[in-house]
Amino acid sequence: LPQANWDNLENLIKNYLHRFNHRINEGAMERDVPYPFVAQCMAGCTLYPNRTSQGFFYVGYNGQDFLSLNTKNATWTLSQDTTLSQYVQSILQNYTIFTETVEIMFNENCVNDLKMFLHYGRASLERQ
């Protein structure tokens, strides 16, 4: 992507994460969730030998699986069925622009970039 597109994408994600952090803290206080807590995200894509690919986005809470994005249909799936996880799921499901952006980033951009790295990496190894 051109640098301007990366900058716009980075700003979109920063703004989203700022609002998301605020909403999660509000939801945690309203639901008497013990504080402090740790939330983690892991995202990326996998290329398989048969040339298929899969994007992924996982969210963890206090070291446990919490919810994940089904990148095939842009829906958030609970790993824990708690009031907090249901609250977070509803927030994420309602931020459709973010969900769709993540889906495109990890189903298309990530896969295309990974294929490019593999191509140039293979060419570099063969030259050596």
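When the test is whether a residue is open to solvent by less than 80 Å² (accessible area, probe 1.4 Å), at pLDDT 85 or above and part of a loop (DSSP other than H, G, I, E, B), Phe37 passes it. Cβ-Cβ distances below 6 Å connect the following pairs, each with a first residue in segment 49-64 that is assigned to a loop (DSSP other than H, G, I, E, B), a second residue that is surrounded by fewer than 16 Cβ atoms within 10 Å (Cβ to Cβ), and a separation of six or more residues or different chains: Asn62/Phe37; Asn62/Val38. Answer with yes or no whether Asp7 is outside any loop (DSSP other than H, G, I, E, B) and either hydroxyl-bearing (Ser, Thr, Tyr) or surrounded by fewer than 15 Cβ atoms within 10 Å (Cβ to Cβ) (or both). The answer is yes for Asp7. Scan segment 51-72 for residues that are farther than 17 Å from Glu108 by Cα and either open to solvent by 100 Å² or more (accessible area, probe 1.4 Å) or not aromatic (Phe, Trp, Tyr) (or both) and the total you get is 9. Please indicate, with yes or no, whether at least one residue in segment 91-107 is in a loop (DSSP other than H, G, I, E, B) and open to solvent by less than 60 Å² (accessible area, probe 1.4 Å). The answer is yes, given that some residue of segment 91-107 is in a loop (DSSP other than H, G, I, E, B) and open to solvent by less than 60 Å² (accessible area, probe 1.4 Å).
The values are calculated or read from the model by the stated rules, or taken from the named source; none is laboratory data. These numbers come from a predicted model, not from an experiment. Positions of Cβ are backbone-derived with ideal geometry, glycine not excepted, and every protein chain shown enters the neighbour counts. We work out accessible area using only protein heavy atoms, side chains counted, and drop any ligands, DNA or RNA first. Shrake-Rupley method; radii C 1.70, N 1.55, O 1.52, S 1.80 Å.
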